[in-house]
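Only the coordinates and a few stated rules stand behind these numbers; no lab work does. Predicted model only: the values in this text are computed from it and were never measured. Please note: Cβ atoms are built from the backbone with ideal geometry, for glycine as well, and neighbour counts cover all protein chains shown.
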Amino acid sequence: MLNFLILLIALSLLLALVRFLKGPTLVDRVVAFDSMSVIATSLLVVFSFYFDKSIYLDVAFVFGMTGFIGTVVFAKFLDKEI
Amino acid sequence: MLIILGYFLSFLGVILFFISGLGLLRMPDTLTRMQAATKASTLGSLLVILGIACFEPQWAFKLIVLAVFILITNPISSSVLAMTTYKRFNKYIHNTSGADALKGDDK
């Protein structure tokens, strides 16, 4: 049951990766990266239950934080404000 | 009982993740792709995190802090990206209705 959950999360991560690879503009790639970072945060939360290690939750927190900061900084860079 | 609730919430969230990936792949335009991706993935991650909190109630504080963090930051990043798309990548937006509420804004 939990394996099926992880498989479905990986499938949606793969769909976002396809858009990341073939996106026509740069903003599409950044949107796909943002969505991938949120999905990967949830995947790390599911992994922390699957392997029964609560240290993975801290990894998920730091991963979500760096994904958010990376997206905002890249959007501001495309806006030519940095 | 809590296990069944956890599986229900987790599978609902994962189905929303799948819808968000499908919308990211199938929508015709940058802004529509953005709304499909960010709204569905925000709600999906909240549901998955609440489902795992139903499985392991002693991790609930850390998981709720993570859920509140995602609930705050994901709309901010999507809003910043949408403003960037509107200002710099305007020719990729197919505006069929002719309405433009942000036209007179100088920001």
Next item on the list: Report, as an integer, the average count of C-beta atoms from other chains found within 10 Å of each Cβ along A:55-65.
Entry: 3
Next item on the list: Over 30 Å between C-alpha atoms is what I'm after, so list which of A:Lys22/A:Lys80; A:Lys22/A:Lys53; A:Lys80/B:Lys62 land there.
Entry: A:Lys22/A:Lys53; A:Lys80/B:Lys62
Check: Longest exposed-loop-site-free stretch of chain A, with trypsin sites (Lys or Arg not before Pro), DSSP loop and at most 15 other Cβ within 10 Å?
Finding: A:1-52
Next item on the list: Return one number: the angle in degrees, 0 to 90 and rounded to the nearest 10, between the long axis of the Cα atoms of helix B:2-26 and the longest principal axis of the Cα atoms of chain B.
Entry: 20
Check: How high is the FRET efficiency from B:Arg26 to B:Met1, r the C-beta distance, R0 35 Å, rounded to 0.05?
Finding: 0.40
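Between rounded, prolate and oblate, where does the protein assembly as shown land on the alpha carbon gyration tensor, with a ≥ b ≥ c its root eigenvalues, rounded for a/c under 1.5, else prolate if a/b exceeds b/c? If you can, show how the numbers build up before the last one.
On the way: a/c = 2.31, a/b = 1.89, b/c = 1.22.
It comes out prolate by the Cα gyration axes.
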Notebook entry, point to check: In degrees from 0 to 90, rounded to the nearest 10, what is the angle of the helix A:26-50 Cα long axis to the longest principal axis of chain A?
Noted result: 20
Item checked: Kirkwood hydrodynamic radius over Cα pairs of region B:2-92, then Stokes diffusion coefficient at 37 °C and 0.692 mPa s, in µm²/s -> 232
Next item on the list: In whole Hz, with x marking every Gly and Pro, tabulate ³J(HN,Hα) for region A:56-61 from phi via Karplus 6.51 cos²θ - 1.76 cosθ + 1.60, θ = phi - 60°.
Entry: 5, 5, 5, 4, 5, 4
Next item on the list: Specify the inter-centroid distance of region B:18-96 and region A:1-27, based on alpha-carbon positions, in whole Å.
Entry: 14
Next item on the list: Set the Förster radius R0 to 25 Å, insert the Cβ-Cβ distance between A:Arg29 and A:Ser54 as r into 1/(1 + (r/R0)^6), and round the FRET efficiency to 0.05.
Entry: 0.15
Note to self: Using the Karplus curve 6.51 cos²θ - 1.76 cosθ + 1.60 with θ = phi - 60°, what ³J(HN,Hα) values do you get for each residue of region B:75-92, in whole Hz, with x for Gly and Pro?
What the structure shows: x, 5, 5, 6, 5, 5, 5, 5, 5, 4, 5, 5, 7, 9, 10, 6, 7, 8
Check: Between B:Phe8 and B:Gln35, what FRET efficiency comes out of the Förster formula 1/(1 + (r/R0)^6) with R0 = 25 Å and r the beta carbon distance, rounded to 0.05?
Finding: 0.45
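Would you mind giving the mean number of other chain beta-carbons within 10 Å of the Cβ of each residue in A:11-17, as a whole number?
Per residue, the average neighbour count from other chains is 6.
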Checklist line | Signed unit charges on C-beta, dipole axis of region A:2-78, positive-most listed residue A:Thr41, A:Gly70, A:Ile6 | finding: A:Gly70
Check: Any idea what angle helix B:30-55 forms with the longest principal axis of chain B, computed on alpha-carbon atoms, 0 to 90 degrees, nearest 10?
Finding: 10
Check: For labels at B:Ile15 and B:Phe89 in the simple 7 Å Cα→Cβ model, what's the distance in nm?
Finding: 3.1
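Dividing the alpha-carbon radius of gyration of region A:2-78 by 2.2 N^0.38 Å (N being the number of residues), what value is obtained?
Rounded to two decimals, the normalised Rg is 1.19.
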Next item on the list: Evaluate the charge dipole of chain A about its Cα centre and quote only its size in Debye, nearest 20, assuming +1 on the Cβ of each Lys and Arg and -1 on the Cβ of each Asp and Glu.
Entry: 220
